[in-house]
Amino acid sequence: MRPLIGIPCQSNLRTAYPRFCVGQSYCRAVATGGGTPILIPVLDNDTALEAFRGLDGLLLAGGGD
């Protein structure tokens, strides 16, 4: 079974329809490395902690800074 790798999503508020998103290159890199990418919308601490419990790893994407 491929390991489940969580990728926390960022909030994109620049559009008329706010959404959570992550760059496709992160998902492709996890898949190429043999994992299954799992996108995690970080709504609050409790929700994030529940999502993290079932993961085998976590990819923390960088920012524009």
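The values are calculated or read from the model by the stated rules, or taken from the named source; none is laboratory data. Given the structure is predicted, the values throughout are model-derived calculations rather than measurements. Glycine gets a Cβ as well: all are built from the backbone with ideal geometry, and neighbour counts include every protein chain shown. Just the protein is used for accessible areas: all its heavy atoms, side chains included, with ligands, DNA and RNA removed. Shrake-Rupley method; radii C 1.70, N 1.55, O 1.52, S 1.80 Å.
Residues in the stretch 28-39: is at least one assigned to a helix (DSSP H, G or I) and either at pLDDT below 95 or open to solvent by 80 Å² or more (accessible area, probe 1.4 Å) (or both)? Taking every residue of the stretch 28-39 in turn, at least one turns out to be assigned to a helix (DSSP H, G or I) and either at pLDDT below 95 or open to solvent by 80 Å² or more (accessible area, probe 1.4 Å) (or both). Inside the stretch 8-27, residues that are open to solvent by less than 70 Å² (accessible area, probe 1.4 Å) and either basic (Lys, Arg) or closer than 21 Å to residue 49 by Cα (or both) make up a count of 5. For the stretch 40-65, the set of residues classified as surrounded by 10 or more Cβ atoms within 10 Å (Cβ to Cβ) and not in a loop (DSSP other than H, G, I, E, B) consists of 40, 41, 47, 48, 50, 51, 52, 57, 58, listed by residue number.
List the residue pairs whose Cβ atoms are under 9 Å apart, where the first residue sits in the stretch 18-38 and is more than 14 Å from residue 57 (Cβ to Cβ), the second is exposed (fewer than 11 other Cβ atoms within 10 Å of the Cβ), and the two are 6 or more positions apart or on different chains. From residues that are more than 14 Å from residue 57 (Cβ to Cβ), the pairs are 19/13. Which numbered condition trips up residue 5, out of (1) modelled with pLDDT of 95 or more; (2) in a strand (DSSP E or B); (3) open to solvent by 60 Å² or more (accessible area, probe 1.4 Å)? Going through the list (1) modelled with pLDDT of 95 or more; (2) in a strand (DSSP E or B); (3) open to solvent by 60 Å² or more (accessible area, probe 1.4 Å), residue 5 breaks only (3).
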